[in-house]
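The numbers here are math on the coordinates, done by the rules we state, and not lab data. Quick caveat: nothing in here was measured; it's all calculated off a predicted structure. Here the Cβ is made from the backbone with ideal geometry for all residues, glycine too, and neighbour counts use every protein chain on show.
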Amino acid sequence: MFKLIALTVFLAISGTQAFWTACPGVLAPTSITSDVCSGSSCNVQLGQQFSAEATITFTQAHARLDTRITVFVLGVGINIPQDPPLDNICNSLFRDGVLTGCPTTPGVATVWRINLTVTSNTPTVNNARVRFEGLENGVSQVCADVTATIA
């Protein structure tokens, strides 16, 4: 009986952030929250604003982190371009509610406030992988995959 209860509690806890996963071999956020995400997926509409907060504890200082958002449709990645100032995640890094930007501070929890308008150019997909990355010199430094339905 104890094993059944422990398994139930574990599944309930692990399911609270099941809509996102870490990218292999790259620093991942410690948590991601969004009003449009729960359970195993995020649900957004074309024309809607997608907002999320990803808590990241960087392991090194970064002077600039370019934003790359990719929607995967049938295994093919489609990049969703970001206009300034959202093309650089340094413009969206906060600590204790205060914009800190870059360089990032290693070992300190920082919040990336993700904002994305889901334009009509965004493909409509059901339970697709959407990758959010911060790149330094073209190399991914922080990354998370989110499962999303875009309609």
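Please state the relative contact order of segment 51-151 as a whole percent: Cα pairs under 8 Å, 6+ residues apart? Show your work: numbers first, answer last.
Values: 209 pairs, mean separation 34.0, N = 101.
Reported as a whole number, the value is 34 percent.
Any chance you could run the full-extension gain for Asn137 through Asp83? It's 0.36 nm times the residue separation minus the Cα-Cα distance, nm to one decimal.
Numbers: separation 54, 0.36 × 54 = 19.44 nm, distance 1.81 nm.
Answer, rounded to one decimal: 17.6 nm.
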(message) With θ taken as phi - 60° and the coefficients 6.51, -1.76 and 1.60, list the Karplus ³J(HN,Hα) couplings across segment 125-136 in order, rounded to whole Hz; mark glycine and proline as x.
(response) 9, 10, 6, 9, 8, 10, 9, 10, 9, x, 10, 10
(message) Net charge within 13 Å of Arg95 by Cβ-Cβ distance, Lys/Arg positive one each and Asp/Glu negative one each, not counting Arg95 itself?
(response) -1
(request) Of the DSSP beta bridges with both residues in the chain, give the percent that are antiparallel, rounding to the nearest 5. (result) 95
(request) Please give the FRET efficiency for Asp96 paired with Asn121, using the beta carbon to beta carbon distance and R0 = 30 Å, rounded to the nearest 0.05. (result) 0.25
(request) Taking amide H positions as placed in the peptide plane 1.01 Å from N, state which residues far from Phe58 in sequence (5 or more) or on other chains have amide H under 5 Å from it. (result) Gly107, Val108, Thr110
(message) Run lengths n ≥ 4 of DSSP H only: what is the helix-derived mean residue ellipticity at 222 nm for the chain, with -39500 (n - 2.57) per run over all residues, to the nearest 500?
(response) -2500 deg cm²/dmol
